[in-house]
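Note sheet for the following structure.
The values are calculated or read from the model by the stated rules, or taken from the named source; none is laboratory data. Keep in mind it's a predicted model, so treat the numbers as computed, not measured. Neighbour counts run over all protein chains shown; Cβ positions are idealised from the backbone, glycine included. With ligands, DNA and RNA removed, areas are computed over all heavy atoms of the protein, side chains included. Shrake-Rupley method; radii C 1.70, N 1.55, O 1.52, S 1.80 Å.
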Amino acid sequence: MVKLTIDGKTITVPKGTTVLDAARKLDIPIPTLCHHPKLTPFGGCRMCIVEIKGIPRPVTSCTTPVTEGMEVITSSPRLEDLRKTILELILSDHPNDCMVCERAGDCTLQELAYFYGIKENRFQGERRRYEKRDGNPFIERDMEKCILCGRCVKVCSEVQGVGAIDFAYRGFNAKICPPYEHDLDCEFCGQCVAVCPTGALTGKMWALKGRQKEIKEVDTVCAYCGTGCNITLHVRRNEVVRVTSKENTWNEGWLCVKGRFGYKFINSPDRLKTPLIKKRGKFKEVSWEEALDYTAKKLNAIKKKYGPDSIGGLSSARCTTEENYLFQKFIRAVIGTNNVDHCARL
Amino acid sequence: MTNSIREIEGLEVIFIIGSNTKETHPVIANKMLKAVRKGAKLIVADPRRVPLAKFADIFLRLRHGTDVALLNGIAHVILKKGLHDKEFIKERTKGFEEWKESIKIFTPEYTSKITGIPKEDIIKTALIYGGSRKAGIFYTMGITQHTHGTANVNAIANLALLTGNIGREYTGINPLRGQNNVQGACDAGCLPNVYPGYQRVDMPMVKKKFEEAWGTTLSDKLGLKSTEMIPLAADGVIKAMYIMGENPVLSDPYMEHTVKALKNLEFLVVQDIFMTETAELADVVLPAACFAEKTGTFINTERKVQLLRKAVEPPGDAKEDLWIISELSNRMGYPMKYISAEEVFEELGSLWPALSGISYGRIQDRGIQWPCPTKDHPGTEYLYKAGFPRGKVSFTPTYYTPPAEVTNKEYPFVLTTGRNLFQYHTGSMTRRVAPIEKHAGDPYVEMNEKDALRLNIKNGDIIKVASRRGEISIKAKISRRVSEGTVFIPMHYREAAANVITNDASDPYAKTPEFKVCAVKIQK
């Protein structure tokens, strides 16, 4: 264990802990852009700089391991001035179109600019312009908004094991892209979108569907495979407009392409909306009264004529446990047969 | 799963057999990769070079349907090297000696001959799996969808028993379930031989318990499995079916037969969210609410009961399934008056002790894994900590039997089916998601480049794949993923449905169809 003081507060942490993590344990806020708790440290954005007694220059707290007796200062006029300058430099090469940005209100860069009160920018220089948009159907990649924090590169490689993107070029021309700047062709898990601190990466299907206002968030469970990832549905005016997953869920906020982008079937125009009865080979829309009366009558008649074992029920591995319970109860207690199964074998 | 997803991170050895985890359970694959980064050894056994094989220490490309031989071969080496857990075998198992005899023939040489895997790899696998007491086995339908699926599962169980890799943290036999609530559907009793909680319908005491709870008389006759109902519908024995949220026309083998069977019914009622291929054949279609439109629970592959919350209203006149079932029941002379899903869940909990400690209140923030018998029980991350419920468990001798249908001159290719990353099952949901359709909307057959060269087939050519049961036209995708002589077709696409050609032969016990092997021919 290593003992150190941060802003005058003493803490003991395991060897190998970074100064940033030690400070967060003390609930001392240090601003970050490139740091992500589930990814390896990068030290790219420099926002997390701190002063350490005995070291002349500020150091990045996310990459500095603690040492015994270390004295750390996380906030000083010099540090805040440097941080503000860093932000100004980033924003000098940023579209700053928060008015129409999908991530407004949920953007780390915007939030930091707000806290540092950056209204005017001292730096007026050249800006990166990327006309070409990625043609993939899932992820909008607006590289003009990219601050090169590298989170997407790391998550793709470290968590997803794919490595679809990386840094290319140098200096002002540096950008993150797939090999040869082709369109993205990957697993489209959207983990990169989830960790992006700005509006550089967003879901294409989220566009103009609403941001924060009027959005209701509902925590629920994914409807696809049996993993049971915890998801949050973002709902606006009775429409699911986005799916995310929180970092503190057991699935750590990670999802797959189906879980993150496969929700549009909910609002599909193909959804069945009315009970139907087939008459002379054609479906006819009927009321629930008629459909239920007819079904009950038919099932009763067949049960009476051929016995309950002439009827079978197939339940659904996609329905809730409660619905499955009630379904088998219906087949067993109402129809009177054990002919009930579902697609576990298929 | 006997163990839990969280424990994957702590495994020393991950042995995946018959599971394309990266595509079918991507988030579980992420956990596996995390374990691999921490130093866990990864063994992948699959006839296809599935994406996780890239990360594997050993990739065992076995011939289709030779899993029993491989598993027995591994056990053979473990025994020979003395890596088995003698204490565990003595205290917690029976039938070891007889079983030991049964695997004598599975020497690395013999196993290699059947499976096509180099014997060095079989030995290496045995040393790695047998050398660890923190080893977990993971499988899916690649193990079960065979005419000898039950034997495959038994062979896996034998391996875990042999090494004592069960009943402790960071071990286990871990089938990964393919549907969000297939666990819950089984738990809730949607199986023909058991009531909720796997309580047998043919045991008088059990029957009496449910008769009292439900206030009616019940049948003690074992019911029919889904794969038995369909043929009996064709034969006119089953006269009516009520199908809720399933699409057997696409999901069952031998589509032509399935359609004929359903058409032969006097009455078919289908309750679904879309007009599926099955609903089209129905006499009555009832519009249901989807997962985002209702409250309830899903139970995931690790037995975790998680809360589903209603987020939006169903479209038009669509109704929750609970309402529909209750209304039907009311009309058939058995009143069901539930006021909420929670009330139904409590009734289920009252009939099955493993769930009785779980309430909606307890799972607001995070799910609880059953068994959870009391209100203060934390749930169970891994099973059999205190021993097996029936005392000592048996080793089950398993023997290698070839698939029901083998290749011949006329049908020289082995066809195997499964899912891909982007689509889901019969596609009724994902195929209505525009970006997914744009990216992965075309059916395809994966074939080896050497076969393609030999048959003069180019990537993207439309080719005919035919079995004794049917034929489809489908785009060729030249790939090294499948080995020579084998092809793969994803099951999702109605316009080139794999199940037009698959074999409806099934496992004699589980009645699971042999989707993973049938013989086909390919024509340009």
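May I ask what percent, to the nearest 5, of DSSP beta bridges between residues of chain B are antiparallel?
40 percent
Roughly speaking, what is the centre-to-centre gap between the stretch B:27-49 and the stretch A:187-209 when only Cα atoms are used, to the nearest Å?
First find each Cα centre; the distance between them is then 27 Å.
Can you give the longest run of chain B that contains no GluC sites (Glu not before Pro) sitting in a DSSP loop with at most 15 other Cβ atoms inside 10 Å?
B:170-409
Calculate, axis by axis, the spread of Cα positions in chain B along the three principal axes, and write the results as whole Å, longest axis first.
For chain B, the Cα extents along the three principal axes come out at 65, 59, 42 Å.
Distance from the Cα centre of the stretch B:417-477 to that of the stretch B:249-307, in angstrom?
About 24 Å separates the Cα centre of the stretch B:417-477 from the one of the stretch B:249-307.
Have a look at A:15, A:38, A:282 and tell me which one the Gaussian network model of chain A (Cα, springs below 10 Å) gives the largest fluctuation.
Ranking A:15, A:38, A:282 by mean-square fluctuation puts A:282 first.
Normalised by the number of residues in chain A, what is the relative contact order in percent for Cα pairs under 8 Å and 6+ residues apart?
10 percent
Which semi-axes, in whole Å and largest first, does the equivalent ellipsoid of the protein assembly as shown have when worked out from the alpha carbon gyration tensor as the square roots of 5 times its eigenvalues? Walk me through the intermediate numbers first.
On the way: eigenvalues 432, 226, 170 Å².
Gyration-tensor ellipsoid for the protein assembly as shown: 46, 34, 29 Å.
Identify the trypsin sites (Lys or Arg not before Pro) of the stretch B:170-237 meeting these criteria: DSSP loop state and at most 12 other C-beta atoms within 10 Å of the C-beta.
Here no trypsin sites (Lys or Arg not before Pro) fit, given the DSSP loop and packing criteria.
Could you work out the Rg to Rh ratio of the stretch A:199-346, with Rh taken as the Kirkwood radius (inverse of the mean 1/r over all Cα pairs)?
Rg divided by Rh gives 1.09.
Placing unit charges on C-beta atoms (Lys and Arg positive, Asp and Glu negative, everything else neutral), compute the dipole magnitude of the stretch A:127-229 about its Cα centre in debye, rounded to 20.
520 debye
Averaged over every viewing direction, what's the projected area of the C-alpha convex hull for the stretch B:413-523? Give it in nm², one decimal, please.
7.1 nm²
Note the buried accessible area between A and B here, summed over both chains, with a 1.4 Å probe, in Å² to the nearest 100.
So the buried area, both faces added, is about 11200 Å².
Between residue A:246 and residue A:169, what length in nm is gained on full extension when 0.36 nm per residue of separation is reduced by their alpha carbon distance?
Taking 0.36 nm per residue and subtracting the Cα distance, the gain is 24.4 nm.
Scanning chain A for chymotrypsin sites (Phe, Trp or Tyr not before Pro) in DSSP loops with at most 12 other Cβ atoms within 10 Å, what's the longest stretch left with none? Could the numbers behind the result be given before it?
Working: sites that count: A:123, A:169.
Longest gap between qualifying sites, sites excluded: A:170-346.
Once you've got the GNM for chain A with C-alpha springs shorter than 10 Å, pick whichever of A:289, A:158, A:102 has the biggest mean-square fluctuation.
A:289
Only bridges with both residues in the stretch B:413-523 count here: give the DSSP antiparallel percent, nearest 5.
60 percent
When the accessible area of each residue in the stretch A:241-256 is compared between its chain alone and the complete protein assembly (1.4 Å probe; ligands, DNA and RNA ignored), which residues differ by at least 30 Å², being lower in the assembly?
SASA drop of 30 Å² or more in the stretch A:241-256: A:250, A:252, A:256.
So which DSSP H runs in chain A come out at 18 Å plus along the axis (Cα) with average Kyte-Doolittle of at least 0.0? Let's see the in-between values first.
Numbers: long enough: A:77-92 (22 Å, 0.09); A:288-306 (27 Å, -1.06).
Those that pass (Cα extent of 18 Å or more, hydropathy at least 0.0) are A:77-92.
In Å, what Rg and Dmax follow from the Cα atoms of the stretch B:125-241?
18.8, 57
If I take R0 = 60 Å and measure r between the Cβ atoms of residue A:96 and residue B:213 in this structure, what FRET efficiency does the formula 1/(1 + (r/R0)^6) give, to the nearest 0.05?
0.40
Any idea what the relative contact order of the stretch B:47-131 is, in percent, if you count C-alpha pairs under 8 Å spaced at least 6 apart? Could the numbers behind the result be given before it?
On the way: 76 pairs, mean separation 35.3, N = 85.
Here the relative contact order equals 42 percent.
Taking a temperature of 20 °C and a viscosity of 1.002 mPa s, what whole-number D in µm²/s does Stokes-Einstein yield for the stretch B:72-156 with Rh from Kirkwood over alpha carbon pairs?
Result for D is 154 µm²/s.
Roughly speaking, to the nearest percent, how much of the stretch A:2-75's 1.4 Å accessible area is carbon and sulfur?
Working: 1970 of 3590 Å².
Roughly 55 percent, rounded to a whole number.
Can you work out the FRET efficiency for the pair residue A:63 and residue B:453, with r the C-beta to C-beta distance and R0 = 56 Å, to the nearest 0.05?
Working: r = 52 Å, r/R0 = 0.92.
Efficiency, rounded to the nearest 0.05: 0.60.
Cα gyration tensor of the stretch A:39-86, axes a ≥ b ≥ c as square roots of the eigenvalues: rounded (a/c below 1.5), prolate (a/b > b/c) or oblate?
oblate
Using only the Cα atoms of chain A, construct the convex hull and provide its projected area averaged over every direction, in square nanometres to one decimal.
With every direction weighted equally, the projected area is 25.5 nm².
Using helices alone, I'd like the mean residue ellipticity at 222 nm for the protein assembly as shown: each DSSP H run of four-plus residues gives -39500 (n - 2.57), total over residue count, nearest 500.
The helix contribution divided over the protein assembly as shown gives -7500 deg cm²/dmol.
So if I take the centroid of the Cα atoms in the stretch A:259-312 and the same for the stretch B:102-170, what is the distance between those two points in Å?
Using only Cα atoms to place each centre, the spacing works out to 46 Å.
Using the 2.2 N^0.38 Å rule of thumb for compact globular proteins, work out how the stretch B:348-500 stacks up: its C-alpha Rg over that value, please.
For the stretch B:348-500, the normalised Cα radius of gyration comes out at 1.58.
What lysines does residue A:264 reach when the alpha-carbon gap must be under 18 Å and sequence neighbours fewer than 8 apart in one chain are set aside?
Hits, sequence-local ones excluded: A:204, A:209, A:216, A:273, B:294, B:310, B:438.
Counting partner chain Cβ atoms within 10 Å of every residue's Cβ in B:224-236, what's the average? Don't skip to the answer; put the middle values down first.
Values: counts 7, 7, 12, 4, 3, 7, 2, 0, 4, 2, 0, 0, 2.
Average neighbour count from other chains, rounded to a whole number: 4.
Determine which lysines satisfy two conditions relative to residue B:263: a Cα distance under 22 Å, and not lying fewer than 8 residues away in the same chain.
Correct list for residue B:263: A:278, A:279, A:282, A:284, A:297, A:298, A:303, A:304, A:305, B:225, B:239.
Counting only other chains, and only Cβ atoms inside 10 Å, what mean value do you get across the residues of B:309-321?
6
When the accessible area of the stretch B:296-404 is computed with all protein chains present and a 1.4 Å probe, what percentage of it is carbon and sulfur?
52 percent
Summing +1 for each Lys or Arg and -1 for each Asp or Glu, what net charge is found among the other residues whose Cβ lies under 13 Å from the Cβ of residue B:438?
It works out to a net charge of 0.
Under 8 Å for C-alpha pairs, at least 6 residues apart: give me the relative contact order for the stretch A:307-346, rounded to a whole percent.
Here the relative contact order equals 54 percent.
Enumerate the residues in the stretch A:189-221 having an amide nitrogen under 16 Å from the point lying 7 Å beyond the Cα of residue A:104 toward its Cβ.
Within reach of a label on residue A:104: A:198-200, A:207-215.
What nm value, rounded to one decimal, do you get for the distance between residue A:126 and residue B:91 when each label is placed 7 Å out toward the C-beta?
With each label point 7 Å from Cα toward Cβ, the separation is 7.2 nm.
For a quick check of your reading of the filter: which chymotrypsin sites (Phe, Trp or Tyr not before Pro) in the stretch B:421-524 sit in a DSSP loop and have no more than 15 other Cβ atoms within 10 Å?
B:509
Per residue, how much accessible surface does the protein assembly as shown expose to a 1.4 Å probe? Answer in Å², no decimals.
In whole numbers, the protein assembly as shown has 39 Å² accessible per residue.
Would you list A:151, B:468 from the most to the least accessible area, probe 1.4 Å?
Values: A:151 30, B:468 115 Å².
The residues order as B:468, A:151, largest area first.
Counting only other chains, what is the mean number of Cβ atoms within 10 angstrom of the Cβ of each residue in peptide B:139-146?
Mean partner shielding for this stretch: 1.
Checking the a/c ratio against 1.5 first, then a/b against b/c, what shape does the Cα gyration tensor give for the stretch A:209-271? If you can, show how the numbers build up before the last one.
Working: a/c = 2.33, a/b = 1.26, b/c = 1.85.
The shape class here is oblate.
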